[in-house]
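Peer 1: Attaching a single structure in structure tokens format; questions to follow.
The values are calculated or read from the model by the stated rules, or taken from the named source; none is laboratory data. The structure presented is a predicted model; accordingly, all values stated were derived computationally and were not measured. For neighbour counting, all protein chains shown are included, and Cβ atoms are generated from backbone atoms with ideal geometry for every residue, glycine included.
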Amino acid sequence: MTTKTQRPSPVPFVEYLLKKYVPPSGLLLDVGCGPALYRKTTPARYIGFDLVPRSNLADRPRFVDLIASGMEIPVRRNTIDVVFVKSALYQFADPQKALAEFCRVLKPAGRVLIVDYNRRTQKRLKKKEGQKRPCWTQWELRALCRQAGFKNCRLLLPFARDIRRGLRWFYLLGQEIVGQCAIVTGVK
């Protein structure tokens, strides 16, 4: 008896972040979109962007609008309101170059929103997949964003919206130790 793989569905905290940070009349570039899970999450105009047009798995279709490398995005400078990357930046050969490219295509005051794997999860994936990939903590990912030219870079949490200032560091540390992701946002 064969079991069919369940199609992935949007992650609730990511939907919340998109609703919070993507203007309804804006233009959202979803880098590494795969099956374009977040296309219907926001009323913004959506561009699903990925390196490959279709999956090598028959039960995991991709819905890509724009096919190219994230390090050479075929979009004019100052065009996009929000560049969104979910679980994809760690796969780029040169994440710093990709971040600089994200900054290039964003409008002035445009935002990058990155939900990527943290160091612990990346090391586990590296061991499982046998591929050499960059590993970073959420603090290191924030530093990479700053180096690429983003301002007001902030670490976000996947589970809490409003945390008292004194407890925020505690929750961020917990996210790094037992959580799976690093969430960073910054403004051009």
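Peer 1: Filtering region 1-48 down to residues that are among the basic types (K, R) and modelled with pLDDT under 90, which residue is surrounded by the most Cβ atoms within 10 Å (Cβ to Cβ)?
Peer 2: R7
Peer 1: Can I ask one more? Confirm whether R111 is modelled with pLDDT of 75 or more and outside any loop (DSSP other than H, G, I, E, B).
Peer 2: yes
Peer 1: Can I ask one more? Filter region 114-137 down to the residues that are under 13 Å from A88 (Cβ atoms) and assigned to a helix (DSSP H, G or I) and list them by number.
Peer 2: Q122, L125
Peer 1: Please go through region 87-115 and give me each residue that is surrounded by fewer than 24 Cβ atoms within 10 Å (Cβ to Cβ) and closer than 24 Å to S9 by Cβ, ordered by number.
Peer 2: Scanning region 87-115 gives S87, A88, Y90, Q91, L113, V115.
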